[in-house]
Amino acid sequence: MLIRAWFLNNLQHNWGNKLSKNKGFSLTSAERYSLALYELASENNVLSQVEDQSTSILNLISSSKDFSNLIKDPTNNQEDLLKVLNIISENNKLESLLKNFLSFLVIKRRFFYVEQILKSFIETCSKKRGELKAELKSAKELSSDEISKITDELTKNFSSKIKLNYKHDESLIGGLVVQVGSTMVDTSIKNKLQQIENRMIEA
């Protein structure tokens, strides 16, 4: 209870109670929450652990339909959500700071936005390290060596550290789709077929 009280006080102090008083929720709100988590994790020297564990939670959300539905179901009460968080925390040995942050979201009725907030937090970590975020999709599953080579090539081309998020996407049919920031490179057959179809529609 003391840790939770300290955490709530820190959040409210850092943001002048804006987190708890803001009734709406937007991209700016997610960034505000994620920045509060970043600052507290950095101050307590657990930034790396919290970032890794946030990624694990995001992976859990994407891989577990039950957990995803639990987050998005407005009928779930706080007590049930906190019980689930305790189980996840014990199973994954979550940092107390991250556990208390997630509990804070439940208490403030913001847990519905946890995926958005944690993604924003991870992006904040990357930006603070001077990394560029890149998305890579491929028709065939790439090996770790191939992904590493693509990352190295992007690092050279963009003269910046690259944080690459890779996804195997069979719907592409063939080729690659790479997006670095606002720059998109699409060599997939699916995209070429779409371009042909668009030209036929316009003709």
Legend entry - Qualifying residues in segment 114-150 (those that are basic (K, R) and part of a loop (DSSP other than H, G, I, E, B)) - the one least open to solvent (accessible area, probe 1.4 Å): R129
Inset, instruction - Check S42, S62, S96, S48 and return the single one that is touching a residue at least 40 places away in the same chain (Cβ under 8 Å) and among the small types (G, A, S). - result: S96
Legend entry - segment 150-161 residues that are among the charged types (D, E, K, R), paired with ones that are buried (at least 16 other Cβ atoms within 10 Å of the Cβ) (beta carbon under 8 Å, 6 or more apart): K161/E131; K161/L132; K161/T155
Inset, instruction - Just give me the residues in segment 83-102 being open to solvent by less than 40 Å² (accessible area, probe 1.4 Å) and either assigned to a helix (DSSP H, G or I) or modelled with pLDDT under 85 (or both), in sequence order. - result: L85, I88, S89, L97, L98, N100, F101, L102
Inset, instruction - Please indicate, with yes or no, whether at least one residue in segment 12-28 is within 27 Å of K163 (Cα to Cα), modelled with pLDDT of 85 or more and surrounded by 11 or more Cβ atoms within 10 Å (Cβ to Cβ). - result: no
Inset, instruction - Examine segment 185-192 for a residue that is touching a residue at least 40 places away in the same chain (Cβ under 8 Å) and among the aliphatic types (A, V, I, L, M), and state whether such a residue exists. - result: yes
Legend entry - Of the criteria (1) modelled with pLDDT under 85; (2) open to solvent by less than 40 Å² (accessible area, probe 1.4 Å); (3) within 28 Å of S188 (Cβ to Cβ); (4) not β-branched (V, I, T), which one F67 fails: (3)
Inset, instruction - For residues that are among the polar types (S, T, N, Q) and open to solvent by less than 40 Å² (accessible area, probe 1.4 Å), scanning just segment 151-166, find the one that is modelled with the highest pLDDT. - result: T151
Legend entry - In segment 157-185, the residues that are of a type outside the set (V, I, T), within 20 Å of A139 (Cα to Cα), part of a loop (DSSP other than H, G, I, E, B) and over 21 Å from the mean Cα position of the chain (by Cα): G174, G175
Inset, instruction - Out of the residues in segment 70-82 that are assigned to a helix (DSSP H, G or I) and open to solvent by less than 90 Å² (accessible area, probe 1.4 Å), state the one that is farthest from K128 (Cα to Cα). - result: D80
Legend entry - Scope segment 186-203; condition under 30 Å from C125 (Cβ atoms) and either among the hydrophobic types (A, V, I, L, M, F, W, C) or assigned to a strand (DSSP E or B) (or both); matching residues: D186
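The values are calculated or read from the model by the stated rules, or taken from the named source; none is laboratory data. Remember, predicted model here, so these are calculated numbers, not experimental data. We place every Cβ from the backbone using ideal geometry, glycine too, and count neighbours over all the protein chains shown. Accessible surface is based on the protein model in full, side chains and every heavy atom, while ligands, DNA and RNA are left aside. Shrake-Rupley method; radii C 1.70, N 1.55, O 1.52, S 1.80 Å.
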